[in-house]
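Everything on this sheet refers to the single structure shown next.
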Amino acid sequence: MDIIRNFPAIAILLCLFAGIFSSGLKEKAAGLVNSCLIVIEIGLNLATLLYTISLGDSFVYVMGKFPAPWGNELRVGVLEALLALFFCVIMFLSMWGGKHKLKDEVDPEKTFLYYVLLDLLLSSLLALIYTNDLFTAYVFVEINTISACGLIMIRQNGRTIEAAVRYMIMSLLGSGLLLLGICMLYDMTGHLLMSNIHEAILTIVAEGQYTIPLLIMIALISVGLAIKSALFPFHAWLPDAYGYSTVSAAAILSSLVSKGYIFLLIKIMYRVVGIDIFRNSHITDILFLFGLMGMIFGSLSAIRENDVRRMIAFSSVAQIGYIYMGFGMGTEAGMVASIFHILSHAATKSLLFIAAIGLTEVSDGKRQFIYLTGSGYRNKMSGVTFTVGSLAMVGVPLFSGFISKLLFSQAAILNHGKMLPAMIVLAISTILNAIYFMKTVIRIYTPVPNSPYPPMDLREHWRYATALFLFIVLNVVLGVFSDPIVRLISNGLAMLG
């Protein structure tokens with residue numbers, strides 16, 4: 001069984017080598033390598049998850065057998081393995097769901113580059129999840145940024161290039177703040193391994209030293225990662241980035257990229273700073289406030305949109321607000337709700353982007369709502385899938401979004417100081433979610449006599465239909481079998497510190 005301890009390192013390195021290898025391949029070969037890679041990654045991370053569950057504790061993998069503080073480490077627990085497995089599944093389904101559009105969206109001569117970027121993106125996500133070294137995390141933050149930027153602009157039209165530039169500017173600002181915070185940490189503690197930093201911070205706090213620098217460091221890292229994950233009001237780059245990139249890229253970017261940064265922040269809260277010290281800094285109160293604002297203003301922006309993909313993108317601003325609201329509660333219940341919502345949002349948002357492209361395909365490729373009228377009849381599978389995603393976002397029982405909102409409500413009730421604003425904004429946000437998602441569902445199921453647009457033959461797009469079906473299954477599984485998942489999250493949080 002000890003060989004399984006090597007799987008996280010193998011998973012990261014496989015993605016890096018696959019990216020290098022794919023750079024010399026043609027379109028189909030690179031696509032095959034990417035598909036095989038993700039299937040292997042699912043197997044590796046599933047085995048790792050089962051191993052950590054049986055072990056009942058996290059384990060440390062020392063890279064190159066060089067011990068701390070000279071060597072680099074991976075630290076793997078239930079939560080890390082669960083997120084890694086889930087991210088690989090979402091990436092696989094997103095790639096399957098958008099593959100039939102890739103020829104129309106990307107120059108065939110550059111398709112191999114698209115797969116190279118996906119491989120590097122997956123390697124960075126896995127590294128952010130597993131690494132126990134703060135500087136290594138920063139290196140892979142930059143790899144993640146460059147890969148995501150390349151995926152946005154690979155369509156090579158004016159809107160995607162503009163979106164990529166805006167994304168890069170904001171992302172570099174976030175990276176710069178994160179690096180400043182890491183430099184301050186290293187200056188105060190002399191360590192880069194997360195566990196060693198935490199021990200040094202406990203000593204610093206006990207002795208009453210570096211009080212102001214410690215607060216500034218926490219603020220810099222929090223703001224830097226909030227910018228990179230598109231927390232309101234740092235979200236201006238998001239609608240164009242998600243709205244005009246390729247279908248698969250939009251699904252992957254919206255569901256996974258920001259979650260990698262968010263999980264890094266969770267690890268810094270628990271494993272680097274310590275959740276009690278982080279809570280006492282009152283940065284959580286600021287995150288709580290911005291989270292509430294994002295829930296409202298993201299939904300209001302989505303209501304005003306007339307483009308279905310930009311509407312889904314603005315919805316992500318609201319959903320990221322939910323996650324930061326849970327952080328801001330400063331309790332274990334709030335953190336469990338936020339992590340479950342990471343899973344719920346990843347499954348649902350990618351589902352919505354993949355379903356939306358099927359609706360636009362039977363509407364002459366147009367994304368404005370007026371042209372989507374009746375598209376649910378012309379593409380029945382996409383219509384059903386979009387409806388399921390909409391119900392999940394609103395919080396209807398049986399779907400993942402209901403469990404998220406239930407967990408947030410329970411966490412709010414247990415937090416007397418923040419219960420009232422959290423419950424009020426949850427209620428308002430749910431109403432706003434219903435307005436723009438149900439409006440879209442009504443639109444796609446409004447009959448159009450003698451529609452000029454032909455229906456989609458799903459037999460010719462079996463891969464797309466299969467991806468949609470599996471997305472629905474995944475959403476229902478999260479909604480119906482949430483108890484064991486919530487227990488895994490709770491156990492993983494206990495191992496994280």
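The values are calculated or read from the model by the stated rules, or taken from the named source; none is laboratory data. For clarity, every value in this text was computed on a predicted model and none was experimentally measured. We place every Cβ from the backbone using ideal geometry, glycine too, and count neighbours over all the protein chains shown. Ligands, DNA and RNA are excluded from the accessible area calculation, which covers all protein heavy atoms including side chains. Shrake-Rupley method; radii C 1.70, N 1.55, O 1.52, S 1.80 Å.
Could you give the Stokes-Einstein D for the chain in µm² per second, using the C-alpha Kirkwood radius, 25 °C, 0.890 mPa s?
In µm²/s, the coefficient rounds to 108.
Name the residue from 249, 189, 353 whose Cα lies farthest towards the positive end of the charge dipole of the chain, charges +1 on Cβ of Lys and Arg and -1 on Cβ of Asp and Glu.
353
State whether the stretch 5-67 is rounded, prolate or oblate according to the following rule on the C-alpha gyration tensor (a ≥ b ≥ c being the square roots of its eigenvalues): a/c under 1.5 gives rounded; otherwise a/b larger than b/c gives prolate, and the remaining case gives oblate. Walk me through the numbers before you get to the answer.
Values: a/c = 6.39, a/b = 1.83, b/c = 3.50.
Since a/c reaches 1.5 but b/c is at least a/b, the shape of the stretch 5-67 is classed as oblate.
What does the charge add up to near residue 323, with Lys and Arg as +1, Asp and Glu as -1, over the other residues with Cβ less than 13 Å from its Cβ? If you can, show how the numbers build up before the last one.
Working: positive: 259, 349, 405; negative: none.
Around residue 323, the surrounding residues sum to +3.
Setting aside same-chain residues fewer than 8 positions from residue 366, which lysines have a Cα under 21 Å from its Cα?
Reachable lysines: 99, 101, 103, 349, 380, 439.
Normalised by the number of residues in the stretch 1-268, what is the relative contact order in percent for Cα pairs under 8 Å and 6+ residues apart? Mind dumping the intermediate values first?
Values: 372 pairs, mean separation 55.6, N = 268.
Once divided by the residue count of the stretch 1-268, the mean separation gives 21 percent.
If you find the alpha carbon centre of the stretch 305-344 and of the stretch 126-179, how far apart are they in angstrom?
What the calculation gives is 20 Å, centre to centre.
In terms of the Cα gyration tensor, with a ≥ b ≥ c the square roots of its eigenvalues, is the stretch 358-497 rounded because a/c is under 1.5, prolate because a/b exceeds b/c, or oblate? Numbers along the way, then the final one.
On the way: a/c = 3.69, a/b = 1.79, b/c = 2.06.
Oblate is the answer for the stretch 358-497, as a/c is 1.5 or above yet b/c matches or exceeds a/b.
I need to check one value: relative contact order of the stretch 106-161, counting alpha carbon pairs closer than 8 Å and at least 6 residues apart, in percent. All intermediate terms of the calculation are to be shown ahead of the outcome.
Numbers: 35 pairs, mean separation 22.6, N = 56.
Normalised by residue count, the contact order of the stretch 106-161 is 40 percent.
Using only C-alpha positions, report the orientation-averaged shadow area of the convex hull of the stretch 226-338, nm², one decimal.
Details: hull surface 26.3 nm².
Orientation-averaged projected area of the Cα hull: 6.6 nm².
With a 1.4 Å probe and all protein chains left in place, how much accessible area per residue does the stretch 1-98 have, in Å²? Don't jump to the answer; show the numbers that get you there.
Values: 4340 Å² over 98 residues.
Accessible area per residue, the stretch 1-98: 44 Å².
When only C-alpha pairs under 8 Å and at least 6 residues apart count, what is the relative contact order of the chain, in percent? All intermediate terms of the calculation are to be shown ahead of the outcome.
Details: 825 pairs, mean separation 74.2, N = 497.
For the chain, the relative contact order is 15 percent.
Rounded to the nearest 20 debye, what is the charge dipole size of the stretch 315-423 about its Cα centre when +1 sits on each Lys and Arg Cβ and -1 on each Asp and Glu Cβ? Don't skip to the end; give the middle numbers.
Details: 7 positive and 3 negative charges, 37 e Å.
Once rounded to the nearest 20, the dipole reads 180 debye.
When the gyration tensor of the stretch 1-268 is built from Cα positions, what are the square roots of 5 times its three eigenvalues, in whole Å, from largest to smallest? Show your work: numbers first, answer last.
On the way: eigenvalues 204, 117, 39 Å².
Result for the stretch 1-268: semi-axes of 32, 24, 14 Å.
Please give the charge dipole size of the chain, origin at the Cα centre, charges +1 on K and R Cβ atoms and -1 on D and E Cβ atoms. Round to the nearest 20 debye.
Numbers: 32 positive and 28 negative charges, 246 e Å.
Computed about the Cα centre, the dipole is about 1180 debye.
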